[in-house]
Amino acid sequence: MTNFDTAQFPSRLLQAIDDSGMSMRSLAEKTGISASTISRYANGMIDPKVPTVYTLARALRVSPEWLIGANASDRRKTKSVKIPVLGVVRAGLPMDAVENIIDYEEISEEMARQGEFFALQIKGDSMEPKISDGDVVIVRKQPTVENGEIAIVLVNGDEATVKRVQRFDGGINLIPSNSAYNVLTYTNAQIESLPVQILGKVVELRAKF
C-alpha cells in the first residue's frame, strides 16, 4: 500500500464515517476497533497499521487507497478476493478441505498479493476481551512471527489455537489475553518433538455480533 498521507487520512476517515451514517460506536462494533482508538485516528493523534486501514475501509465501503490519501478522486471499494473461513485446523487436515470450510470472507486484491491467506473462526475465550468466541481472524500463512504478535499455532497435532507469541532462549511462550488461562510454555526440545508449529500471523479481526 502507498505510504500514508498523514495530512489527509483523518479528514477522509471522518468524511467516510459521516457519509456512511454510522457513529463511531457503530463503526467500533462493526470492526472490533475501540471507539476511542477510532477517535484518535480521526483526530490525527495516531496512524493505523495497514491491516486496520483495510478493516476500516471495508466497513465504510471505501477504497483503502482513497482512505489514506493516495487517490484524490476514486473512493470506490476495491475489488476483493474470497478466502475460506475454516472451522478447525488440525495436523493432516488440508486448509482447503471442503468439509472444513464454514464460510468465506473477502480481502482486497492488494492484500491478497502480500501472501497466502485463510480465515479461522475462533473457539473459546482465552483471547478475550479483544478476540471472542465466534469471531473470525484473517491469517497470513507464515512459519514465524515476531515477539508479541498473535499467531495461529498447532501443538502436538491437535486443533490449532490462537495465542500471543513470546520467544526466549530456551523455548516459546504462548500467551492468552484472558487472565483465567495459564501461559503455555514449551522448551526448544518440545518445539521439535511435539511439534509446536506456527501456521500464520493474525493480521485482522472481524468481530461477530
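The values are calculated or read from the model by the stated rules, or taken from the named source; none is laboratory data. No experiment lies behind these values; they were computed from the predicted model shown. For neighbour counting, all protein chains shown are included, and Cβ atoms are generated from backbone atoms with ideal geometry for every residue, glycine included. All accessible areas refer to the heavy atoms of the entire protein, side chains included, with ligands and DNA or RNA removed. Shrake-Rupley method; radii C 1.70, N 1.55, O 1.52, S 1.80 Å.
Brief remarks follow.
- Options SER126, SER73; residue that is part of a loop (DSSP other than H, G, I, E, B), at pLDDT 90 or above and not acidic (Asp, Glu): SER126
- Selection of the stretch 145-159 for residues being over 14 Å from VAL203 (Cβ atoms) and open to solvent by less than 20 Å² (accessible area, probe 1.4 Å) yields VAL153, LEU154.
- Within the stretch 32-56, being within 14 Å of the chain's Cα centre (by Cα), in a helix (DSSP H, G or I) and of a type in the set (A, V, I, L, M) holds for VAL50, VAL53, LEU56.
- Residues in the stretch 36-49 that are closer than 19 Å to ILE131 by Cα and open to solvent by 40 Å² or more (accessible area, probe 1.4 Å): 2 in all.
- Output for the stretch 111-141, where each listed residue is open to solvent by 40 Å² or more (accessible area, probe 1.4 Å) and either over 16 Å from ALA160 (Cβ atoms) or more than 11 Å from the chain's Cα centre (by Cα) (or both): ARG113, GLN114, GLU116, GLN121, LYS123, ASP125, GLU128, PRO129, LYS130, ASP133, LYS141
- For the stretch 59-70, the set of residues classified as over 13 Å from ASP19 (Cβ atoms) and either crowded, with 22+ Cβ neighbours inside 10 Å or aromatic (Phe, Trp, Tyr) (or both) consists of PRO64, ILE68, listed by residue number.
- Selection from the stretch 165-193 of residues that are free of Cβ contacts under 8 Å to residues at least 24 places away in the same chain, open to solvent by 40 Å² or more (accessible area, probe 1.4 Å) and assigned to a strand (DSSP E or B): GLN166, ARG167, PHE168, ILE175, THR185, THR187
- The requirement of being modelled with pLDDT under 85 and more than 20 Å from the chain's Cα centre (by Cα) is satisfied by VAL98.
- Flag if ALA7 is part of a loop (DSSP other than H, G, I, E, B) and over 17 Å from VAL203 (Cα atoms): yes
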